[in-house]
Amino acid sequence: MKYILIAVLSVIFILLILCFSAWRISLELVVPPEKKDGLKNKFPHEKRFKIQSPNGYPISCLFIPTGDGMSMTEKIVIILHQFGSDKNEASKYADIFTSLGFSVLIPDMRAHGESGGDTSSMGFYEKKDVEAIVRWLKDCYGRDVFYGIFGLADGGCTALMYASEDRGVRFVIADSSFGDLKKLYKHTFKNRYKVKPFPLLNFTSFFIKKRAGFSVKDVRPISFFSQKNFTHDFPLMLIHGDCDKQVPPNLSVDIYNMKNEGVKTLYLAPGCGYLEAFDKEKSVYTEKIHSFIKENIND
């Protein structure tokens, strides 16, 4: 009886440790760290405003028009920043698109910057925020407005999730992104937390569901490109540093290989880690995107 009691107490102790660890990790994965206000880049004719999300909070936006601003022939690129960033930091990418005659709209993603929300969902709820942004664009420019999406890491995942439901998206460019959140988290547990994913990832997924209201297994935009789920096409460019340890490049390769229809481009930036391709080789990065748009996107 004594040994049975010890065994039971040991199991309870292990479960408590697992639960506590999973709870702490779940907070790190869905609650963005507080970001100190940095310098705001100033752009000619920029506009800052808020749009109401169908999820029940305001979305703070930065709009950077090309030329003199609000022309009815505008082409728009929506830039979606990564976890832990904001619209001001992401605005460094704006010149890539304004130099091609696009205007740029950059929101603070859910739970980031000046937008509302308490937790990130890696695209699960954010796709509804993008829907509200697109609705705003159509109200301003008409239903035939031209818009593409450029996403960074989980912003790229959000772009893919949204584009899979909106036939109006003209293109998607995703840098350091992924198509399967569970697969990414398995890598994160092995490389960041130095533990085997099972069973800690299962406990963490439970707490993520309780804390943020979404299931990890449901953030899997790569499934859209399967023959079973595929309903429409959009040109896709994938960019990834070939030395990325945070989001391994094989996750972009997986998306590239799964997309069997239409235009697709994969650029593996040599010697680059997580989201380093732009900062290390800005001219090459810009040229790759310009070539993709000029060769594959019709006005």
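If the segment from residue 229 to residue 28 were pulled out straight at 0.36 nm per residue, it would be longer than the present Cα-Cα gap by 69.2 nm. For the chain, the relative contact order comes to 16 percent (Cα pairs under 8 Å, sequence separation of at least 6). Any of 127/280; 47/138; 75/259; 75/264; 186/282; 92/190 with alpha carbons more than 24 Å apart? Name them for me. Exceeds cut-off: 127/280; 75/259; 186/282; 92/190.
For residue 239, the amide hydrogen comes within under 5 Å of the amide hydrogens of 174, 175, 176, 177, 267, counting only partners 5 or more places away or on other chains and with H modelled in the peptide plane. Taking each residue as 0.36 nm, the span from residue 194 to residue 261 lengthens on full extension beyond its C-alpha to C-alpha distance by 20.3 nm.
Comparing 187, 45, 81 in a Gaussian network model of the chain where C-alpha atoms under 10 Å apart are linked, the largest mean-square fluctuation is found at 45. When the Gaussian network model of the chain links Cα atoms closer than 10 Å, the mean-square fluctuations of 204, 231, 286 top out at 231.
In order along the range 160-171, the Karplus-derived 3J(HN,Hα) couplings, from 6.51 cos²θ - 1.76 cosθ + 1.60 at θ = phi - 60°, round to 5, 5, 5, 4, 5, 10, 10, 6, x, 5, 7, 6 Hz, and Gly and Pro are given as x. 3J(HN,Hα) along the range 178-194, derived from phi through the Karplus expression 6.51 cos²θ - 1.76 cosθ + 1.60 where θ = phi - 60°, amounts to 8, x, 8, 5, 4, 5, 4, 5, 4, 5, 4, 5, 6, 9, 9, 9, 6 Hz, with x in place of Gly and Pro. Annotation: amide H of residue 147 within the under-5 Å range of 76, 170, sequence separation 5 or more or interchain, hydrogens built in the peptide plane.
Residues in the range 133-149 carry Karplus couplings, in order, of 5, 5, 4, 4, 4, 5, 5, 7, 10, x, 5, 9, 4, 8, 8, x, 10 Hz; the curve used is 6.51 cos²θ - 1.76 cosθ + 1.60 with θ = phi - 60°, and Gly or Pro positions show x. Between residue 246 and 274, the built amide H atoms are under 5 Å apart, and every one of these is 5 or more places off in sequence or on another chain. Pull out a ≥ b ≥ c, the square roots of the eigenvalues of the alpha-carbon gyration tensor of the range 216-299, then state rounded if a/c is under 1.5, prolate if not and a/b is larger than b/c, and oblate in the remaining case. Here the range 216-299 falls in the oblate category.
Restricting attention to the chain, close to 30% of DSSP beta bridges with both partner residues there are antiparallel.
Residues in the range 68-174 average 30 Å² of solvent-accessible surface per residue, probe 1.4 Å, ligands and nucleic acids excluded. Taking the C-alpha atoms only, the angle from helix 197-212 to the longest principal axis of the chain is near 60 degrees.
Using the alpha carbons alone, the radius of gyration of the range 126-175 stands to its Kirkwood radius in an Rg to Rh ratio of 0.95. Cβ-Cβ distance of residue 17 and residue 186, R₀ of 25 Å, FRET efficiency by 1/(1 + (r/R0)^6): the value works out to about 0.75.
For a quick check of your reading of the filter: which trypsin sites (Lys or Arg not before Pro) in the range 155-231 sit in a DSSP loop and have no more than 12 other Cβ atoms within 10 Å? Sites meeting the loop and neighbour criteria: 167, 194, 228. The GluC sites (Glu not before Pro) of the range 245-295 meeting both criteria, a DSSP state outside H, G, I, E and B (loop) and at most 14 other C-beta atoms within 10 angstrom of the site's C-beta, are 261. What does the C-alpha gyration tensor say about the overall shape of the range 72-135? Classify as rounded when a/c is under 1.5, otherwise prolate if a/b is larger than b/c, or oblate. Oblate, because a/c is 1.5 or more while a/b does not exceed b/c.
The values are calculated or read from the model by the stated rules, or taken from the named source; none is laboratory data. Keep in mind that this is a model prediction, so the values were computed, not measured. Methodologically, a virtual Cβ is constructed for each residue, glycine included, from the backbone with ideal geometry; neighbour enumeration extends over all protein chains shown. SASA here: full protein model, heavy atoms, side chains in, ligands and nucleic acids out. Shrake-Rupley method; radii C 1.70, N 1.55, O 1.52, S 1.80 Å.
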